[in-house]
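Please read the structure below before turning to the comments.
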Amino acid sequence: MQIIDLRSDNPAATEQAANMLVDAFRVHWPNAWPDMQSAMKEVAEAIQPGKIARAAVDETGTILGWIGAISEFDGLSWELHPLVVRPDLQRVGLGKALVADLEQQVKLHGGKTIYLGTDDEDGMTTLADKDLYDDIPGNLANIRNLKNHPYEFYLKQGFSIVGVIPDANGHGKPDIIMAKRVK
């Protein structure tokens, strides 16, 4: 496996990347990229100049997973968006490798922080289905993973939960905000 730039001059790779968005997000976030048209639009945006898009590929050039980042705050912070690994290859270290590679890419671009939002629209954590405004710090301090929400993956990669946007996706459907210092 190697990690390479995802580029517009490789239409087979961009189509594979789009297919992966549709397939991998179908179970927990079916509205994220419900069809190839929306996924192809996402890939096209991710590979624009000034953004980072990297793909893990096997020896045949088949994409195994990919990650993107968007420069914010004059290039000092980068939003990780998206991260996807082929469903049959999850939990074998590809996501970890992609995050580590992205951190190096952000560092090369002068970035200091990587941040992301990870939604809970399906009651996957204890932050869902409640009024978080009653005690935001307490709710964050006592967060628990109920249904394999990806925030724990990001914690293992060195990210911290730095906030939450209550009701970001509707009542009781927060967006968990995470960040990591680039080293």
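The values are calculated or read from the model by the stated rules, or taken from the named source; none is laboratory data. The model shown is predicted, which means the values in this text are computed figures rather than measured ones. Backbone-built Cβ (ideal geometry, glycine too); neighbour counts: all protein chains shown.
On the stretch given as segment 129-154, residues that are of a type in the set (A, V, I, L, M, F, W, C) and within 19 Å of the chain's Cα centre (by Cα) total 1.
Within segment 137-158, the set of residues being in contact with a helix residue (DSSP H, G or I) (Cβ under 8 Å, 6 or more places away or on another chain) and part of a loop (DSSP other than H, G, I, E, B) comprises Ile143, Gln157. Among the residues making up segment 1-26, a single one is without any contact (Cβ under 8 Å) to a residue 12 or more places away in the chain and under 17 Å from the mean Cα position of the chain (by Cα): Arg26.
Scanning segment 137-148 for residues that are modelled with pLDDT of 95 or more and either among the hydroxyl-bearing types (Ser, Thr, Tyr) or within 23 Å of Ala24 (Cβ to Cβ) (or both) yields Asn145, Leu146. Sub-6 Å Cβ pairs linking a first residue in segment 141-158 that is in the same structural domain as Met124 (by TED's automatic domain parsing) to a second residue that is hydrophobic (A, V, I, L, M, F, W, C), at least 6 apart or interchain, are Ile143/Leu127; Leu146/Met124; Lys147/Met124; His149/Met124; Tyr151/Ile176; Tyr154/Met178; Gln157/Val99, ordered by first then second residue.
Contact annotation: residue pairs with Cβ atoms under 7 Å, 6 or more positions apart or on different chains, pairing a residue in segment 104-116 that is of a type in the set (S, T, N, Q) with a partner that is assigned to a loop (DSSP other than H, G, I, E, B) and surrounded by 14 or more Cβ atoms within 10 Å (Cβ to Cβ), are Thr113/Leu76; Thr113/Val182. Taking every residue in segment 168-183 that is in the same structural domain as Leu140 (by TED's automatic domain parsing) and pairing it with any residue that is of a type in the set (Phe, Trp, Tyr) and in a loop (DSSP other than H, G, I, E, B), at least 6 positions away or on another chain, the pairs with Cβ-Cβ distances below 7 Å are Met178/Phe159; Ala179/Phe159; Lys180/Phe159. One residue stands out in segment 168-183 among those that are in contact with a helix residue (DSSP H, G or I) (Cβ under 8 Å, 6 or more places away or on another chain) and surrounded by 12 or more Cβ atoms within 10 Å (Cβ to Cβ): the one that is nearest to Lys112 (Cα to Cα), namely Val182. It is to be established whether one or more residues within segment 101-120 are crowded, with 19+ Cβ neighbours inside 10 Å, more than 18 Å from Ile70 (Cβ to Cβ) and within 17 Å of the chain's Cα centre (by Cα). Checking segment 101-120: at least one residue is crowded, with 19+ Cβ neighbours inside 10 Å, more than 18 Å from Ile70 (Cβ to Cβ) and within 17 Å of the chain's Cα centre (by Cα).
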